[in-house]
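Enquirer: The structure's right below; bear with me while I get my questions together.
What follows draws every value from the coordinates through simple rules; no lab data is involved. Bear in mind that the values here come from a model prediction, so they are computed numbers and not experimental data. Here the Cβ is made from the backbone with ideal geometry for all residues, glycine too, and neighbour counts use every protein chain on show.
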Amino acid sequence: MEVIQIEGGHRVTGEVRVEGAKNSALKLMAATIMAPGVTTLTNVPNIADVHVMGKVLKNIGARIEVVNEHELKIDTSAVDSWETPYHLVAKMRASTAVLGPLLSRFGKAIVAMPGGCNIGARKIDMHILGLEALGVEFKVDHGNIYASAPNGLSGDTVTLSFASVGATENLMMASVFARGTTTIDNAAREPEIVDLANMLNEMGAKIKGAGSPVIEIEGVSELHPVTHEVVGDRIEAGTFLAIGGLVGEPVTVTGFSPAHLGLVLKKYEQIGISIRRDARACTAWRERPLRPTDIQTLPFPGFPTDMQAQTMCLLALAEGSCIITENIFENRFMLASELSRMGADIVIEGHHAIVHGVKRFSGAQVKSPDLRGGAALVMAGLVADGVTTVSAIHHIDRGYEGFVEKLASLGARVSRTTVPDEEDDL
Ligand code: UD1
């Protein structure tokens, strides 16, 4: 069993460059289906989720060449299938991002129904309702979603009941070739949605308003391949800034736009972290105790759910009590019980976590509950007494490229190692 081991208490400081955003790269890769030919994506993170999306595309006939680890040349000219099977969707729910592009290119798609996942039910009813409004017919059978638009897609106004990132992206991609104008009302505003709209526009789409709650898409008849750079990963950046704030020494993060972390940086200042913002870099350090600060997750520009676990780790060491409210996913507090094994005092009441600050963490064996929770446990290990061993690190590999190497370059005593899996003996 592969684990990450951290010896706590060492100085962590320096500069780290983040990769392109996972949540953008996956959707940009899916969007290449709509522009037959070779699209080049640069600044693509080398992470497990990108590999899964690569398999999804190869499965329908795309060819992918990897250049210098971070550049993908995706040739979608020979794509001749519109089916994404369960074994791929089960590995990564974001595989459902191909639904919109397949409908755009072929007028039909078969995508396995995603099941629940460890951070909640993650339904796709809004994707389906929105696409139905554009003329798509759905049938669910034997665990698959069969989507078809026998008369083509036609523009309409779709009002989302919640600003869902995935639904906004699928609808935006499905409506690029729809007749007339499509309006997505109450659209999600995440920077990754803006990145996707930018690439689609470079390809010839006519999308206005991405980044605002109303997106308008005027149908066009074709898209052409382009070269596009993936936007920097604000969540990877936020994770390293949280580490600077936790350990106390300056950590400078480059390769992203600090504007994409607006509220996180403001909240971190309230928590007692010093922040210096530059155009494409940001530095975090700390000169005073951590202050308890209430946090609630909300769609962008609110506090991102993907920064909630790392922030829980900070607040668990604050001088007093505060409440974290999780409004996006119903089951995203699994970190709390693992952090409690390290000495944290956190009570979960529904979608609220009541965090009573403690003086220190003590190193322990803990298990990554999910992607961000895993990163937060490694963070906790950096300031814990003794050694922390984090297992189930495949979660971390889904979204962080070279996490251990980057931490080691900042001075952390951290390594990946293999230990016997005690469950094997049962
Ligand atoms: C994306 C991100 C994820 C991030 C999340 C919120 C990717 C690959 N993942 O996930 O990292 O945490 O945005 O910022 O980009 N919902 C429904 N019905 C739907 C769609 C969503 O009920 O049809 C619910 C979900 O169950 C969830 C909430 O809405 O509780 C938010 O989901 P959504 O914004 O769609 O997140 P994802 O696109 O899955």
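Enquirer: Need one number: nm distance between label points at M1 and D345, each 7 Å from Cα along Cα→Cβ, rounded to one decimal.
Expert: It works out to 3.0 nm between the two label points.
Enquirer: Among K27/K73; K22/K123; K22/K58; K73/K367; K55/K108, which pairs are too far apart, with a Cα-Cα distance over 25 Å?
Expert: In this structure, K73/K367 lie more than 25 Å apart at Cα.
Enquirer: Which three numbers, in whole Å and largest first, are the semi-axes of the equivalent ellipsoid of the range 1-98 derived from its Cα gyration tensor as √(5λ)?
Expert: Numbers: eigenvalues 187, 58, 21 Å².
Rounded to whole Å, the semi-axes are 31, 17, 10.
Enquirer: With a cut-off of at most 10 other beta carbons within 10 Å, and DSSP calling the residue loop, which GluC sites (Glu not before Pro) in the range 257-320 qualify? Please list them.
Expert: Answer in residue order: E287.
Enquirer: Same structure again: Report, to two decimal places, the Cα Rg of the chain normalised by 2.2 N^0.38 Å (N = number of residues).
Expert: Working: Rg = 21.6 Å, N = 426, 2.2 N^0.38 = 22.0 Å.
Ratio of Cα Rg to 2.2 N^0.38 Å: 0.98.
Enquirer: Right, next: Size of the dipole of the chain about the Cα centre, Lys and Arg at +1 and Asp and Glu at -1 on the beta carbon, nothing else charged, in debye to 20? Walk me through the numbers on the way to the answer.
Expert: Working: 38 positive and 50 negative charges, 132 e Å.
About 640 debye.
Enquirer: Using a/c under 1.5 as the rounded threshold, could you call the range 163-219 rounded, prolate or oblate? The axes a ≥ b ≥ c are square roots of the C-alpha gyration tensor eigenvalues, and prolate needs a/b larger than b/c, oblate otherwise.
Expert: Taking the square roots of the gyration eigenvalues as a ≥ b ≥ c, the range 163-219 is oblate.
Enquirer: Where both residues lie in the chain, what percent of DSSP beta bridges are antiparallel, nearest 5? Walk me through the intermediate numbers first.
Expert: Details: 58 of 79 bridges.
Around 75 percent of the beta bridges assigned by DSSP in the chain are antiparallel ones.
Enquirer: Relative to the Cα centre, what is the charge dipole magnitude of the range 1-93, using +1 at the beta carbon of each Lys and Arg, -1 at the beta carbon of each Asp and Glu, and rounding to the nearest 20 debye?
Expert: 200
Enquirer: Got the relative contact order for the range 49-120 handy, in percent, Cα pairs under 8 Å and 6 or more residues apart?
Expert: About 27 percent, as a whole number.
Enquirer: Let me have the relative contact order for the chain, percent, based on Cα pairs under 8 Å that are six or more residues apart.
Expert: 20
Enquirer: Determine the dipole magnitude for the range 251-358: charges of +1 sit on the beta-carbon of Lys and Arg, -1 on that of Asp and Glu, nothing else is charged, the reference point is the Cα centre, and the result goes in debye to the nearest 20.
Expert: 440
Enquirer: Can you work out the FRET efficiency for the pair Q296 and V387, with r the C-beta to C-beta distance and R0 = 45 Å, to the nearest 0.05?
Expert: Efficiency computed from Cβ-Cβ geometry: 0.85.
Enquirer: Right, here's the next one. State whether the range 244-397 is rounded, prolate or oblate according to the following rule on the C-alpha gyration tensor (a ≥ b ≥ c being the square roots of its eigenvalues): a/c under 1.5 gives rounded; otherwise a/b larger than b/c gives prolate, and the remaining case gives oblate. Before the final figure, lay out the partial values.
Expert: Values: a/c = 1.36, a/b = 1.24, b/c = 1.10.
Rounded is the answer for the range 244-397, as its axis ratio a/c remains below 1.5.
Enquirer: Using alpha-carbon pairs under 8 Å, 6+ residues apart, how would you state the relative contact order of the range 90-209 in percent?
Expert: Computed over the range 90-209, the figure is 26 percent.
Enquirer: I've got another one for you. With point charges of +1 on the Cβ of Lys and Arg and -1 on the Cβ of Asp and Glu, referenced to the Cα centre of the chain, which listed residue (L129, P299, A90) lies farthest in the positive direction of the dipole?
Expert: P299
Enquirer: How do the peptides 330-341, 28-39 rank, highest first, by the average count of neighbouring beta carbon atoms within 10 Å per residue?
Expert: Details: 330-341: 20.2, 28-39: 24.5.
In decreasing order of mean packing, 330-341, 28-39 become 28-39, 330-341.
Enquirer: Quick check: Cα centre of the range 1-64 to Cα centre of the range 168-221, how many Å?
Expert: Here the answer is 23 Å between Cα centres.
Enquirer: Hey, another quick one. Loop-only check: which GluC sites (Glu not before Pro) in the range 142-251 are DSSP coil with at most 12 other Cβ within 10 angstrom?
Expert: E222
Enquirer: Could I ask something else about it? Determine the gain in length on full extension of the stretch R179-S161; use 0.36 nm per residue of separation and subtract their C-alpha separation, reporting nm with one decimal. Walk me through the numbers before you get to the answer.
Expert: Numbers: separation 18, 0.36 × 18 = 6.48 nm, distance 2.39 nm.
Here the segment from R179 to S161 would lengthen by 4.1 nm.
Enquirer: Okay, next question. What does the charge count around R105 come to, taking other residues whose C-beta lies under 12 Å from its C-beta (Lys +1, Arg +1, Asp -1, Glu -1)?
Expert: Taking every other residue near R105 into account, the sum is -1.
Enquirer: Take K123 and A279, extend 7 Å from each Cα along the Cα→Cβ direction, and tell me the distance between the two endpoints in nm.
Expert: Rounded to a tenth, the inter-label distance reads 4.6 nm.
Enquirer: Further question on the same structure: Describe numerically, in nm with one decimal, the distance between label points set 7 Å from Cα along Cα→Cβ at H10 and at N46.
Expert: Spacing of the two 7 Å Cα→Cβ label points: 2.3 nm.
Enquirer: How much length would be gained if the chain were fully extended between V419 and S212, taking 0.36 nm per residue of separation minus their Cα-Cα distance, in nm to one decimal?
Expert: Additional length available on full extension: 69.7 nm.
Enquirer: Is the range 288-379 best put as rounded, prolate or oblate by its Cα gyration tensor, with a ≥ b ≥ c the root eigenvalues, rounded for a/c under 1.5, and otherwise prolate when a/b is larger than b/c, oblate when not?
Expert: Cα axes put the range 288-379 in the oblate bin.
Enquirer: Taking +1 at the Cβ of each Lys and Arg and -1 at the Cβ of each Asp and Glu, which of L339, A279, V264 sits farthest along the dipole of the chain towards its positive end, judged by Cα position relative to the Cα centre?
Expert: Of the listed residues, the answer is A279.
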